[in-house]
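First the structure, in the form of structure tokens, and then the observations on it.
What follows is calculated from the coordinates using simple rules that are stated; it is not laboratory data. If you're wondering where the values come from, they're calculated on a predicted model, not measured in any experiment. Glycine also receives a Cβ, built like all others from the backbone with ideal geometry; neighbour counts cover every protein chain displayed.
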Amino acid sequence: MSQLVLPLRLADHAVFASFFEHGNESLVATLSDLARGAVDSHGCWIWGAASTGKTHLLQAVCESAGDRSVYVPLSMFAAAGPAILEGLASRELICIDDIERVAGNADWELALFELCNETFDAGGQLIVAASTAPRECPIGLADLASRLSRLPVFRIHALDDAERMEALQLRARHRGLKLPDETASYLIKRSRRDMASLYALLDQLDLEALRAKRRLTIPFVREVLESRKVDPDSA
């Protein structure tokens with residue numbers, strides 16, 4: 001994706017192929033269609049708990065859509081002020097992450113309202129991600145809430161332990177790694193269970209395995225966990 005407005009680089013793993021979509025098939029299909037320009041709608045609103053994949057999916061949309069799109073993480077830009085939104089309506093597809101970070105701020109809400117109007121009037125689309133459903137997001141500007149209420153709403157399905165293991169193995173395959181079932185299960189039981197933490201641990205294991213020229217076996221993973229001062233026998 002070419003970032004003409006915001007100096008951002010998308011994560012190299014944030015593509016549709018590396019997202020474990022079980023339970024979220026309809027959402028992933030909708031986003032894929034939006035990225036290809038194959039659906040006529042205003043976009044959508046995605047919500048769910050932290051580390052359920054919202055940012056991954058928004059960045060996957062932008063990776064697929066290329067220069068037609070722009071990714072705007074408000075957790076990163078909230079302090080910069082709403083002027084960063086100027087000119088974004090020239091893109092066909094605008095992905096707004098963490099909208100709750102600016103909800104309640106009058107200047108930001110007015111800027112977002114104007115962006116919605118400009119985008120919809122130009123035939124563009126908004127994909128908004130938040131930690132809550134639209135009706136629970138503390139947006140004070142009624143007109144903005146009304147515009148955003150036009151968006152179809154999807155809640156991201158949170159994974160259970162078996163699905164976390166499959167998601168971790170999918171990410172490993174995407175990185176060219178073999179993560180055996182027993183090793184994946186060991187990681188799930190010995191690490192924080194949110195996917196962000198598990199993926200970060202997998203990234204470290206990948207680096208350590210390359211350095212040591214080792215496979216991702218349980219003994220090797222135990223060594224890495226011990227080197228991180230993590231008790232490998234604590235669940």
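Compared with the dominant Cα axis of the chain, that is its longest principal axis, helix 195-212 is turned about 50°. Spin-label pair Glu182-Ala83: with each label point 7 Å from Cα along the Cα-Cβ axis, the two points sit 6.0 nm from one another. Full extension of the segment from Met76 to Glu25, taken as 0.36 nm per residue of separation minus the current Cα-Cα distance, would add 15.5 nm.
Checking every one of the trypsin sites (Lys or Arg not before Pro) in the range 175-217 against DSSP loop status and a limit of 16 other Cβ atoms within 10 Å picks out Arg175, Lys178, Arg192, Arg193, Lys213, Arg214, Arg215. Against the chain, whose longest principal axis is taken from its Cα atoms, helix 181-190 shows a tilt of about 70°.
For Ala158, put the label point 7 Å out on the Cα→Cβ axis and report which residues of the range 165-205 keep their amide N under 15 Å from it. Counting backbone N atoms under 15 Å from the label point, the list is 192-197. With a cut-off of 15 Å on the backbone N, the residues of the range 15-46 near the modelled label site 7 Å out from Phe120 along Cα-Cβ are 41-45.
For GluC sites (Glu not before Pro), no site in the range 11-110 is both called loop by DSSP and has at most 10 other Cβ atoms within 10 Å. Helix-only arithmetic for the chain: the sum of -39500 (n - 2.57) across DSSP H runs with n ≥ 4, divided by the residue total, places the mean residue ellipticity at 222 nm at -13500 deg cm²/dmol. Put simply, the C-alpha atoms of the chain give a gyration tensor, and the ellipsoid matching it has half-axes of 36, 17, 16 Å, longest first. Residue-wise HN-Hα couplings along the range 59-72, as the Karplus relation 6.51 cos²θ - 1.76 cosθ + 1.60 with θ = phi - 60° gives them from phi, are 5, 5, 4, 5, 4, 6, 7, x, 5, 6, 10, 8, 9, 10 Hz; Gly and Pro carry x.
Please compute one quarter of the surface area of the Cα convex hull for the range 16-155 and express it in square nanometres.
7.5 nm²
For Val153, the amide hydrogen comes within under 5 Å of the amide hydrogens of Trp45, counting only partners 5 or more places away or on other chains and with H modelled in the peptide plane. Nearest 10 degrees, 0 to 90: what angle lies between the long axis of helix 25-36 and the longest principal axis of the chain (Cα atoms)? Tilt of helix 25-36: around 60 degrees. Express in % the proportion of alpha carbon pairs of the range 161-227 at distances exceeding 17 Å. Value for the range 161-227: 28 percent of Cα pairs lie more than 17 Å apart. Can you tally the net charge around Arg91? Count Lys and Arg as +1, Asp and Glu as -1, for every other residue whose Cβ sits under 10 Å from the Cβ of Arg91. For residues surrounding Arg91, the net value is -1.
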